[in-house]
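Remarks on the structure that follows.
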Amino acid sequence: MTDSSATTEHADPPRGVVVTGGGTGIGRATAHAFADRGDRVLVVGRTESTLAETAKDRDGITYLAVDVTDPAAPDAIVEAALRDLGRVDVLVNNAATAGFDAMGHLDPATVRAEVATNLLAPILLTQRAVEPLAATGGTVVNISSAGSLGLRAMPGSSVYAATKVGLDALTRTWAVELAPRGVRVVGIAPGLIDTEVAVRAGMSRQAYDEFLASMLPRIPSGRVGVAEDIAWWVVALTEHGGRYANGMVLAVDGALSVT
């Protein structure tokens, strides 16, 4: 016999999640984390083969190969999300590129690419996604860098640092501007995460390995982070339980930034 007074609980529908830079590293781990909780995910990036690898064996992930700096990209991404996912609940601005030269040796093309990818693309994509996000009471997550928090300098990566400082300012400002529309904006500032992004940006494997080894003694938690460390926090901050977090930038860096 059933209890007629019992109420039937209905699971929330899968959320629609857009992750830029979803072919590798933090983007891939984040896409997997959302898909594993039952959400539907659109991963965006320039290289179709890496996006396909992210989507492999996960029915909840689709992908769109597009350069986020392309003027047509914001429309293409949001339209693909609405077509494939049906809604946009979460936008993760993760795509980024970095240069490794000091002032006096900066390559103009690299500078322009960093600013376009790390700062202009999130601005224009978020603006395009505001209406769908407002319809779902969604969340924007900006992936920043713990290395650029506070008064810290990043010698050899000044342009990258400047774009991330700018992104943090956008996180705080957008949180205030979009709160009346029910959209939250938060940032996560990863510390040293072993994603090999520096190698993909041109650093030699030997130099990369030496850099990780040199940094390890400085990290109080005693280890270099992995992409899944960041993905967990991205998902957590978009959950219903995190709804009071807004306008903050969370450092996830093994306490390196407070030493």
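Structure notes:
- Charge tally around residue 195: other residues with Cβ under 13 Å, Lys/Arg +1 each, Asp/Glu -1 each, net -2.
- Principal-axis tilt of helix 73-84 within the chain, Cα atoms, nearest 10 degrees: 30 degrees
- Descending Cα extents along the principal axes, segment 104-204, whole Å: 45, 26, 24
- Prolate/oblate/rounded call for segment 185-259, Cα gyration tensor, a/c under 1.5 rounded: prolate
- Secondary-structure-derived ellipticity at 222 nm for the chain, considering helices only, amounts to -12500 deg cm²/dmol, per-run term -39500 (n - 2.57) for DSSP H runs with n ≥ 4.
- Highest average first, the peptides 95-108, 246-259 ordered by how many other beta carbon atoms sit within 10 Å of their residues are 246-259, 95-108.
- In degrees, nearest ten, helix 205-215 long axis to first principal axis of the chain (Cα): 80 degrees
- Averaged over residues, the count of other Cβ atoms within 10 Å places the peptides 144-154, 24-34 in the sequence 24-34, 144-154, highest first.
- Stokes-Einstein D in µm²/s, Kirkwood radius over Cα pairs - segment 16-252 at 10 °C with 1.306 mPa s viscosity: 89 µm²/s
- Around residue 208: net Lys/Arg minus Asp/Glu count, Cβ-Cβ under 15 Å: -2
- Relative contact order, percent, the chain [alpha-carbon distance under 8 Å, six or more residues apart]: 19 percent
- D (Stokes-Einstein, µm²/s), Kirkwood Cα radius, segment 137-196, 1.306 mPa s at 10 °C: 128 µm²/s
- Within the shell defined by Cβ-Cβ distances under 13 Å, the residues around residue 235 carry a net charge of -4, with Lys and Arg each +1 and Asp and Glu each -1.
Only the coordinates and a few stated rules stand behind these numbers; no lab work does. Note that this is a predicted model, so its numbers are computed, not measured. Note that each Cβ is placed from the backbone with ideal geometry, even for glycine, and that neighbours are counted across all protein chains shown.
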